[in-house]
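J.: One structure, pasted below without further comment.
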Amino acid sequence: MKSKVNWLEWCNESFERAKREDKPVLLDLTAVWCHWCHVMDSTSYSDEDCANIINEDFVPIKVDIDKRPDIKERYNMGGFPSTVFLNPQGYIIAGETYVPPERFKLMLETVKSAYKNRKDEIKQRVLETIEKTKNEQTINKAEINDGIIKEVLLSVEDNFDRFYGGFGTQPKFPHPEVLDLLFMQYQKTQNKKYIEMALKTLDSMHEGIYDHADFGFFRYSVTPDWKVPHYEKMLDTNAGLLRNYAAAYEITKGDKYKKIAEGTIEYINKFLSDQKNGGFYGSQDADEEFYLSKPDERKNKKQPYVDKTIYVDWNAMMISSYLKAGMVLNDENAVNFAIKTADFILDNCYGNKNGLFHYFDGKPGINGLLSDNIYFLNCLIDLYSTKQNKKYFEKTIEIADFILNNFYDEDNGGFYDRMLQKEDLGTLRHMSKQFLENSFCAIVFLRLYFLTKDDVYKQAA
């Protein structure tokens, strides 16, 4: 169905038009797997009055957050869809998440009026935001010691849900990295409380957000008991959990964990991968009607839509997980498919001048993001450790040096999340260091140091 809103892409031309016509920008951050994004498209953006106001008084821009995680990071209003109003320079005026039609109409009129009548006030607020963004880039340095690890573990224990497993209250998301930490700590100390927290969480997630008909894991649960899944299935979620269940089987030899890991690989092979050419697909849609059907009824229904875009950072995560699970489960096909996918990405999404491109949907799109380069670097280290192939070692060094040359902050330490591009707009012009990406950089560069004994990598870590 043709959209009633005349959506434009995020590009210089769109913002030039906003400047020329002196109109605010309406930015819709959306995703193919996102249920409420579809609802907003079929209600608020399909409402005749709303669409007319948008087309007349705004410059509307739609961005896919999976394809542009850098824009998602800077303009996210706390969930998706994110409905964000910007000035023509690309700075935030106001924003919300999902907005139903009647309230959306009022919101559009309010922003339109404010933009017209309170320009100076908006300009001042934008300048304050820019200043705040600059100040947030300073990193407080602290000595690394055992005390930090103890603090983190205490925080994990404090947030652990002893009744239902998992961390926090609701919504309940899987946290694969936290489970990695608990497994590592158990292996280091043999303290049973760490493995008990990890296994309780894995058991509860399997009961609640695991698809017992087609296998694989849903993205999260709306409730603390894991029993009401949000039904989209994401490649990165499944990569993290496959790694966790494989680790649980490796440590406990519990057959249950082996079966769940095997089921997850079966799901990915069947629905989220290109078995012929290599490559893992991004996601499968949330379709409540489909997933609430009984298993025998589901056989006759059309499977929810699969986004067949190949995202490099998520592919790298799954390559690492397939290698780990393949070795633990003695699944040679998983190992071989991981290698095939890595080769596909090197052939189609990599160049030594540009580094890794972010996604492939027939051709590579957008380069210069740290996440693609660092996650792919990590999976190359895994590949080299598994296969001892010199080609992977050479690419490892090449990409590591590319990351140090293009993302590393020599003066203050830390890695920026993206390379600046001359056509950058709004807050994309401001360098940003993401906490999770930097944590992962530290891990990967330490791994590289142990592999090469090159002190440059240790210092960066």
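The values are calculated or read from the model by the stated rules, or taken from the named source; none is laboratory data. Small disclaimer: the values here were computed from a predicted structure and weren't measured. For neighbour counting, all protein chains shown are included, and Cβ atoms are generated from backbone atoms with ideal geometry for every residue, glycine included. Note: accessible area is taken over every heavy atom of the protein model, side chains too, but ligands, DNA and RNA are not part of it. Shrake-Rupley method; radii C 1.70, N 1.55, O 1.52, S 1.80 Å.
J.: Can you tell me how many residues in the range 404-435 are open to solvent by 20 Å² or more (accessible area, probe 1.4 Å), over 30 Å from ALA18 (Cβ atoms) and in contact with a helix residue (DSSP H, G or I) (Cβ under 7 Å, 6 or more places away or on another chain)?
T.: Final tally of qualifying residues: 2.
J.: Is it the case that some residue within the range 233-248 is in contact (Cβ under 8 Å) with a residue 12 or more places away in the chain, exposed (fewer than 15 other Cβ atoms within 10 Å of the Cβ) and either within 19 Å of ALA334 (Cβ to Cβ) or not small (Gly, Ala, Ser) (or both)? Before the answer, list the steps.
T.: So in the range 233-248, the residues in contact (Cβ under 8 Å) with a residue 12 or more places away in the chain come out as 233-248.
Within this subset, residues satisfying the condition of being exposed (fewer than 15 other Cβ atoms within 10 Å of the Cβ) are none.
No, that holds for no residue.
J.: Next up: For the condition in contact with a Gly (Cβ under 8 Å, 6 or more places away or on another chain), modelled with pLDDT of 95 or more and either surrounded by 21 or more Cβ atoms within 10 Å (Cβ to Cβ) or assigned to a helix (DSSP H, G or I) (or both), what is the one hit in LYS200, LYS193?
T.: LYS200
J.: Show the residue pairs meeting these rules: Cβ distance below 8 Å; 6+ apart or different chains; first residue within the range 191-208 and under 16 Å from GLU177 (Cα atoms) and of a type in the set (A, V, I, L, M, F, W, C); second residue part of a helix (DSSP H, G or I) and open to solvent by 30 Å² or more (accessible area, probe 1.4 Å).
T.: ILE195/TYR186; ILE195/ILE251; ILE195/THR252; MET197/GLU157; ALA198/TYR186; LEU199/THR252
J.: Still on this structure, I have one more. What number of residues in the range 311-323 are within 18 Å of ASP70 (Cα to Cα), of a type outside the set (Phe, Trp, Tyr) and open to solvent by 10 Å² or more (accessible area, probe 1.4 Å)?
T.: Count: 1.
J.: Could I ask something else about it? Would you check which residues across the range 98-119 are of a type in the set (Val, Ile, Thr) and either open to solvent by 50 Å² or more (accessible area, probe 1.4 Å) or over 28 Å from the mean Cα position of the chain (by Cα) (or both) and list them?
T.: THR110, VAL111
J.: Among what's in the range 260-287 and is under 21 Å from the mean Cα position of the chain (by Cα) and of a type in the set (S, T, N, Q), pick the residue that is surrounded by the fewest Cβ atoms within 10 Å (Cβ to Cβ).
T.: Ranking the candidates gives ASN269 first.
J.: Here are some residues: THR386, THR396, THR341. Which one is modelled with pLDDT under 95, open to solvent by less than 50 Å² (accessible area, probe 1.4 Å) and not in a strand (DSSP E or B)? Please lay out each step first, then the result.
T.: Details: THR396 fails: modelled with pLDDT under 95; THR341 fails: modelled with pLDDT under 95.
Just one listed residue meets the conditions, THR386.
For (1) touching a Phe, Trp or Tyr at 6+ places or on another chain (Cβ under 6 Å); (2) of a type in the set (Asp, Glu); (3) assigned to a loop (DSSP other than H, G, I, E, B); (4) in contact (Cβ under 8 Å) with a residue 24 or more places away in the chain, each residue gets a yes or a no:
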| position | (1), (2), (3), (4) |
| --- | --- |
| MET431 | yes, no, yes, yes |
| GLU437 | no, yes, no, yes |
| PHE450 | no, no, no, no |
| LYS458 | yes, no, no, no |
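J.: Could you list, in sequence order, the residues of the range 1-44 that are assigned to a strand (DSSP E or B) and among the small types (Gly, Ala, Ser)?
T.: Listed by number, the list is empty, since nothing qualifies.
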